[in-house]
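A short worksheet on the structure shown next.
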Amino acid sequence: MRVVVTRPESSARRTAERLRNLGHQPVLLPLTRAIHHPDAAAAALAGPHAALAVTSAETLRVLSLLGERLTPFLGQTLYAVGETTAKAAEEAGFRNIRSGAGTGAELAELIAGYASTFDAPLLYLAGKPRSPKFEDGLRTNDVRFVTAEVYEMTPIAYDEVYIRSVLLEPPVDAVFLYSRENARLFCDFAAPHLRELASVQFVCLSDNVAEIVPREFHRNIKIAGHPDEDGIFALL
């Protein structure tokens, strides 16, 4: 299968290697690039907080840029949205990691079980744009928190000729979609060619992502049973 990988390049290379090992042909089409704000992360860490929360491995890439400035915080409790983010936190040097089941809402529920022990707000180190579900879940559970935006994902511009060559020469069989913004950008780029992509499979990380896929392609949607890349690969 020819599979479009829409992750940022830093993550897409690992996904591409995994696809090749399974006999598929990866087609890299990163839709966004990360702009890191390590000074914003350092300033946020310097403020009062009881624990850290992270919903993307990209945040750990930002924190790793702090070098020795991160060392005093590596023993703090860090709540990670899922296994991939937890692994990135471990690789960054964090020693007290609690991992959620893979979604922001589930992570909020996990943290709520510990919030009564907090003597300061939870510090959520976030990206932009992001799903509101984690922060909404914290509010619903009356968890005090502050959010610091430490990176932003900016769209990459492609011309239509390039998009056509990627998607149709020859036609792709599937596309991996990881977030609502990711899905929106892909569908915008692919819009002029959707009639020629009638059989493409939209492999989505979650129901939330699948909602963005145009209605006429809903029969082509596959949704991961677990919101991580293992769940996506299980659908191939």
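Label sites at Lys87 and Thr71, each approximated as a point 7 angstrom past Cα along Cα to Cβ, lie 2.8 nm apart.
Does the stretch 34-153 classify as rounded, prolate or oblate by the C-alpha gyration tensor (a ≥ b ≥ c root eigenvalues; a/c under 1.5 gives rounded; else a/b over b/c gives prolate, otherwise oblate)? Rounded, because the longest to shortest axis ratio a/c is under 1.5. For the chain, pairs of C-alpha atoms spaced more than 26 angstrom apart make up 40 percent of the total. Paramagnetic label reach from Leu22 (point 7 Å along Cα→Cβ; backbone nitrogen cut-off under 18 Å): within the stretch 175-195, residues 175-179.
Given R0 = 22 Å, the distance between the Cβ atoms of Arg164 and Ala234 translates into a calculated FRET efficiency of 0.15. When Rg and the Kirkwood Rh are both derived from Cα coordinates, the Rg/Rh ratio for the stretch 1-55 amounts to 1.23.
Projecting label points 7 angstrom from Cα along Cα→Cβ for Ala101 and Leu194 puts them 3.3 nm apart. For the stretch 4-25 versus the stretch 188-235, the inter-centroid distance based on Cα atoms is 17 Å. The stretch 58-83 and the stretch 116-173 have their alpha-carbon centroids 17 Å apart.
Extension gain, Tyr114 to Asp39: 0.36 nm times the residue separation minus the Cα-Cα distance gives 24.1 nm. On a 0 to 90° scale, report how tilted helix 180-190 is relative to the longest principal axis of the chain, with both axes built from alpha carbons and the result rounded to the nearest 10. Tilt of helix 180-190: around 20 degrees.
We did not get these values from a lab; they are worked out from the coordinates using the rules stated. Computed from a predicted model, the values in this text were never measured in an experiment. For neighbour counting, all protein chains shown are included, and Cβ atoms are generated from backbone atoms with ideal geometry for every residue, glycine included.
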